[in-house]
Amino acid sequence: MSAFLIKLIAIVAMTIDHLGATLIPLESFRIIGRITMPIMCYFIGEGYRHTHDVKKYLARLFIFAILSEIPFDLAMNGGQLFYPYSQNVFFTLFLGLLGIYLFEKYRQGIGGVAIVLCGAAASFLHTDYGFYGVLLIAGLYLWGESTRGLFLVLVGLNLLFYLGTVQMYSAFAFLPLALYSGERGPSLKYLFYVYYPLHLLVLFGLQRAVGLL
């Protein structure tokens, strides 16, 4: 499976998940959506390996984190324009990428500490998936290229952080990621970046339309 196809699966799963969070409160929808975050985290590491300019990559994630925050709060936090106790996933992806960038830059010194500090920052800022998200990005970057490493990271972190919760189903992201061919597929670079805030605005509008907000 190409990167494009796996990302497309993640986008569909995310949309179903967010429908479950905002409009159709079915646990099955939330279970389906659990595979999205590990897929996004895996491709942050892939993006780091192949980017020509990591600083531009970091800037892009940060810009979309800012652009997505109001749509995220409107859709996911009761129609509020700003909710300080929950920040959108782009902030987590930004901190995860920053962590692996600093890890590689200072690999012979404080590289591992940098990842922990970025995770702590995610937890402090209440970003989506917090510390777990940053560690997942780092773990998949470091060990996710082998099938065994991919499995151990997905299962190990879920057991550590989410034993007995619906988030455990995110380990099923192993199935599409294990089929990754290494090929990029169609180059729609900004598809997820743009889709994320737009679909949140649509969900907010639908919530208003049916009287949930």
Give the residues of region 18-35 that are in contact (Cβ under 8 Å) with a residue 60 or more places away in the chain and not hydrophobic (A, V, I, L, M, F, W, C), sorted by residue number. HIS18, THR22, GLU27, ARG30, ARG34
Restricting the search to region 83-95, which residues are without any contact (Cβ under 8 Å) to a residue 40 or more places away in the chain and closer than 14 Å to GLY133 by Cα? PHE91, PHE94, LEU95
Where GLN108 falls short, out of the listed (1) modelled with pLDDT of 95 or more; (2) not in a helix (DSSP H, G or I): (1)
Would you be able to tell me the number of residues in region 126-167 that are of a type in the set (Gly, Ala, Ser), surrounded by 21 or more Cβ atoms within 10 Å (Cβ to Cβ) and farther than 22 Å from TYR180 by Cα? 1
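So, restricting to helices (runs of 4 or more DSSP H) that lie completely within region 21-83, which ones have at least 3 residues that are under 18 Å from ILE6 (Cα atoms)?
27-33, 36-50
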Where residues in region 67-82 are exposed (fewer than 14 other Cβ atoms within 10 Å of the Cβ) and free of Cβ contacts under 8 Å to residues at least 60 places away in the same chain, which of them is nearest to LEU19 (Cα to Cα)? GLN80
Collect the residues in region 1-20 that are part of a loop (DSSP other than H, G, I, E, B) and either in contact with a Cys (Cβ under 6 Å, 6 or more places away or on another chain) or polar (S, T, N, Q) (or both), keeping them in residue-number order. SER2
Any residue at all in region 111-123 that's touching a Lys or Arg at 6+ places or on another chain (Cβ under 9 Å), assigned to a helix (DSSP H, G or I) and not aromatic (Phe, Trp, Tyr)? yes
Output the residue which, of all residues in region 125-152 that are among the aliphatic types (A, V, I, L, M) and more than 15 Å from the chain's Cα centre (by Cα), is nearest to TYR85 (Cα to Cα). LEU125
Could you say which residue among TYR85, TYR42 is touching a helix residue (DSSP H, G or I) at 6+ places or on another chain (Cβ under 9 Å) and among the hydroxyl-bearing types (Ser, Thr, Tyr)? TYR42
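The values are calculated or read from the model by the stated rules, or taken from the named source; none is laboratory data. Model, not experiment: these values are computed from the prediction. All Cβ positions, even for glycine, are placed from backbone atoms using ideal geometry, and neighbour counts span all protein chains on display.
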